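Written below as structure tokens is the structure these notes are about.
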Amino acid sequence: MEINTYTLASLKRGQKGVIKSVDTSDPQVQRLMVLGLVEGAELEYASAAIGGDPIEFRLFGCGISLRREQARSFQVAPVATGD
Amino acid sequence: MTKASEIRIPANRITVKRHADASIAVVGNPNSGKSTLFNRLTGLRQRIGNYPGVTVERHTGTLKLGDKLTELVDLPGTHSLSAHSTEEQIVVDAILGRLQGSDAPDGILAVLDATNLYQGLFLLQQLVDLQLPMVVALTMTDAAEKSGIDIDIDMLSEALGGVRLYRVVATTGAGLGKLRTAITELPDSPPPQRISVWSELTDVAKRLRRLSDDKLNLTECERLLVDGMTDRNATVTAGLNDGFVAELRTMREQLFGDDPPIATEARIRYSWVQETLAKAQRSTPPFQSWRTQVTGFLNRPVPGTVGLFLVMAVVFQAVFAWATPVMNGIDFATGALGAVVSASLGDGAFSSLIADGIIAGVGSVIVFLPQILILFLFIILLEDSGYLARAAYLMDRAMRSVGLSGQSIIPMISSFACAVPGIMATRVIPNRRDRIATILAAPFMTCSARLPVYALLIAAFVPSQRIGFMNLQGLVLFGLYMFGIVMGILTALLIRKTALRGPKPPFALMLPEFRRPNLQTVLIQLLGRVKVFLNRAGTVIFTVAVVVWALAYYPRSDLIGSEVVQQRQAAAYTLSGAELAAQYENIDHLASAAQLEQSWLGRAGHFVEPVFAPLGWDWRVSAAVIAGFPAREVVIAVLGTVYAVGDEADEDTLSGRLKASTWADGRPVFTLPMVIGLLIFYACCLQCAATLAVIRRETNSWGWPVFAWVYMTTIGYVGALLAFQIGSA
């Protein structure tokens, strides 16, 4: 992976990020987009299962779990957590 | 009889208009509270059937208001009209009126989860554009309030083409009155305005519609443009002119270029959703409810996983411990009933049929109803509280290491109740290899039909001792469940490494918040399960009990009968009083054992005995096992019948009779190694015709069910052989 890419998988526990671009080549990623993982959506890293995979995110208040592998297809801009 | 009962006809034969005034489709996201609302609206006026040609359950119910009868069809949960599974395709076909034997619905009841407007509105904008009369039930409004979500209903209604929204709390019933009226009046209401979020698509779709000579509607054309020529769409366009498909291809290229159409659709529609939410929803910092705190704690990796195992241990302990008093009661009642019938009808074939065949056979299965009730209660509670999804998430990594995904956990857990619904539940798994591996692993899970066999043998041969907070019997039962899990996992692993080698399946799962299950919904579901079980006990098991009784009773040997008379006379010369009575009893028992041995069942048992002799089974156990191949729970009924007429009949309970049973030389048949072997055999062997049929249906081949049967039976036999031979050595 390139050094400057920051993906959903790079977020830390409690950190938020807004999706900036999606690598749509994988049909599975396209299905995730139907669930609302599109540009502009804000996600928060909520938790993870044992071993840090899969990861649970909060998307508009709802829990959604993704595997680390698929989380890497979503580039994000981290949001400062100050509220 | 009420009027509602008149419409209870097989679902596949329902032609809606004749029986109800209107038919309304209930559509919404998974976990949106759709089924709870449906149960609330229809109560017990429900039917479960199947959609023609597929194995998706069709839930219909009626809503009666005044003299109007409205049929509600609870469609499977879906996120989009872009169908990617059989269930999602059913939703699309149902609302477009393309299902065989039913018209398009007269209206739509859309269910929108107030705590998840984001995904809900995505589906809703597609539904509004269908141009059917529509009403929206905004569910979970109480939970939304607690999470600090404030929704501007008027703004939302305006954004959705003027559709009416009703706030409801399905768990308490608040707001349902107005919703009922709205649903009943729905067929006469005008449809909402099209919102055409994606005007480019709509414009092209209109052109496409003209090309189809208006045979397709606008939504069908939009779906064709986005989804392309899927298998289902190919049948939709089959009757159209030749140029249509070529033109469709050109239009898609112009609209999407190289971008995947589904991704484009998601981007455009969600950008509208994001704008709409910015106007219609205000969020304040959420109130820390007990739910969020519980969720937060259970979300942490280690407490979550430990919690999952604790939950499972408690369930199994409950199944065994809580049910015991009730089971003892039922056992006593059937025993007493049999004795009364025997005494009042006297000797003879008819008395034996009633007491030994029907009462003993059916009673020995009914006795397990309490355990099955408790197990189903737990599974339903776990599902309705949202915990099953969390279990899938927690177990994903472990499941993946054996080549499955977390989604396999739900079919697996359901299979603890019964492999048939469990195997049906594999339809949520998108990957075919993953699905088949799960289907083959599922029958290893300890189903409720295995439970009676386990329970009987454990109660008879495992001492009831306390070990820590658990009982040794509960612990052995837990061990057998674990054994099934391990065997299932090994099977999945084996099959994914050999016949079904392939890339690791993908995984994404919505994790609903914990919610308190609604009592009414839980009871309705529980009642449905009990009905299925009792139906089986009342039909299949009843029939088998009678047939097995006949096989065990006939042919009667006159020779044995006359010998009994002679021996009784001989005894009367030499003995008297209590000794004589005891001798009479002894003679009778020996005689009935001899009668049984030369009966059809006895002969069959003897015939197969050499096959099972290395496992330590006598001809009676062999006969019971043979009789149990169509449905494994039957084995209890057979043992009940076989031992009721054998020489152990002076024991009050079946377990007592098993303990007393001996070989000809007086050695006990049921030794510990033999019992362990028998348990292993039952843990593995696929003795269930229904499971084989559903595997055949779900894999669409005879190969997999045949493989599963041979594979599981072989493992069971070898396992029992090893246990007996090593244990007895």
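The values are calculated or read from the model by the stated rules, or taken from the named source; none is laboratory data. Given the structure is predicted, the values throughout are model-derived calculations rather than measurements. Don't worry about glycine lacking a Cβ; one is built from the backbone with ideal geometry, like all the others, and counts go over all protein chains shown. What goes into the accessible areas is simple: the full protein's heavy atoms, side chains included, and nothing from ligands, DNA or RNA. Shrake-Rupley method; radii C 1.70, N 1.55, O 1.52, S 1.80 Å.
Odds and ends about this structure:
- Student exercise, chain B dipole from Lys, Arg, Asp, Glu Cβ charges, in Debye to nearest 20: 1200
- Ordering B:Gly243, B:Trp272, B:Thr230 by the projection of their Cα atoms onto the charge dipole of the range B:199-283, which places +1 on the Cβ of Lys and Arg and -1 on the Cβ of Asp and Glu, puts B:Trp272 at the extreme positive end.
- Across the protein chains, with a 1.4 Å probe defining accessible surface, the residues B:Leu475, B:Leu457, B:Leu722 rank B:Leu722, B:Leu475, B:Leu457 from largest area downward.
- Considering only B:Gln293, B:Ala664, B:Leu679, and ranking their Cα positions along the charge dipole of chain B that arises from unit charges at the beta-carbon of Lys, Arg, Asp and Glu, the one farthest toward the positive end is B:Gln293.
- Rounded to the nearest 20, the Cβ-based charge dipole of the range A:8-79 about its Cα centre (Lys and Arg +1, Asp and Glu -1) stands at 160 debye.
- For the range B:110-178, the share of DSSP beta bridges that are antiparallel, to the nearest 5, is 10%.
- Ranking A:Ile64, A:Val76, A:Ala46 by Cα position along the charge dipole of the range A:8-79, where only Lys, Arg, Asp and Glu carry charges on their C-beta atoms, puts A:Ala46 farthest toward the positive end.
- For B:Thr662, the residues whose amide H sits under 5 Å from its own are B:Val669, ignoring neighbours fewer than 5 places away on the same chain, with H placed 1.01 Å from N.
- Using the Cβ-Cβ distance between B:Arg300 and B:Val486 with R0 set to 25 Å, the FRET efficiency from 1/(1 + (r/R0)^6) comes to roughly 0.40.
- Residue-wise HN-Hα coupling along the range A:19-26, computed from phi with Karplus coefficients 6.51, -1.76, 1.60 (Hz; x: Gly, Pro): 5, 9, 8, 10, 7, 8, 5, 7
- Amide N of the range A:41-63 lying under 11 Å from the label point, which is placed 7 angstrom from the Cα of A:Gln28 along Cα→Cβ: none
- Surface calculation, 1.4 Å probe, protein heavy atoms: B:Glu563 sits at approximately 90 Å² accessible.
- Rounded tilt (10° steps) of B:472-497 against the dominant C-alpha axis of chain B: 60
- Cβ neighbours within 10 Å from other chains - mean over B:261-268: 6
- Over chain A, dividing the summed -39,500 (n - 2.57) contributions of all DSSP H runs of at least 4 residues by the number of residues returns a 222 nm mean residue ellipticity of -3500 deg cm²/dmol.
- For chain B, the longest principal axis of the Cα atoms and the long axis of helix B:703-728 meet at an angle of about 40 degrees.
- Modelled spin labels at B:Gln193 and B:Thr172, positioned 7 Å past Cα toward Cβ, are 3.5 nm from each other.
- Oblate is the label for the range B:556-598, because the ratio a/c of its alpha-carbon gyration tensor axes (a ≥ b ≥ c) is 1.5 or higher and a/b is not greater than b/c.
- Whole-Hz ³J(HN,Hα) from phi, Karplus 6.51 cos²θ - 1.76 cosθ + 1.60, for the range B:140-150, glycine and proline x: 6, 5, 5, 5, 4, 4, 5, 7, x, 9, 10
- Of all beta bridges that DSSP places with both ends in chain B, some 50 percent have antiparallel geometry.
- Spatial offset of the range B:304-339 relative to the range B:469-496 amounts to 18 Å, using the alpha carbon center of each.
- Rounded to the nearest whole Hz, the Karplus-based 3J(HN,Hα) values (6.51 cos²θ - 1.76 cosθ + 1.60, θ = phi - 60°) of the range B:370-386 follow the sequence x, 5, 5, 4, 5, 4, 5, 4, 5, 4, 5, 4, 5, 5, 5, 7, x, with x at glycine and proline.
- Peptide A:48-58 shows a mean partner chain C-beta count of 6 within 10 Å per residue C-beta.
- Here chain B is described by how far its Cα atoms reach on the three principal axes: 105, 59, 58 Å, from widest to narrowest.
- Gain in span if fully extended, B:Asp558 to B:Thr324, counting 0.36 nm per residue against the direct Cα distance: 80.0 nm
- Amide H to amide H distances under 5 Å link A:Glu39 with no residue, where only residues 5 or more positions off or on other chains count and H is placed in the peptide plane.
- Part-to-part distance (alpha-carbon centres) for the range B:220-266 and the range B:413-455, which is given in Å: 37
- Of all accessible heavy-atom area on chain B, the percent that carbon and sulfur account for (1.4 Å): 60
- The range B:654-678 and the range B:102-150 have their alpha-carbon centroids 61 Å apart.
- Normalised Debye scattering of the protein assembly as shown at q = 0.07, 0.08 Å⁻¹ gives log10 I(q)/I(0) of -0.61, -0.77, counting only Cα atoms as equal scatterers and leaving out solvent.
- Estimated [θ] at 222 nm from DSSP helical runs (n ≥ 4, -39500 (n - 2.57)) normalised by residues in chain B, nearest 500: -19000 deg cm²/dmol
- Within-12-Å neighbourhood charge of B:Ile24 [Cβ basis; K, R +1; D, E -1]: -3
- Net charge dipole, the range B:142-252: roughly 200 debye, given to the nearest 20, about the Cα centre with Cβ charges of +1 for Lys and Arg and -1 for Asp and Glu.
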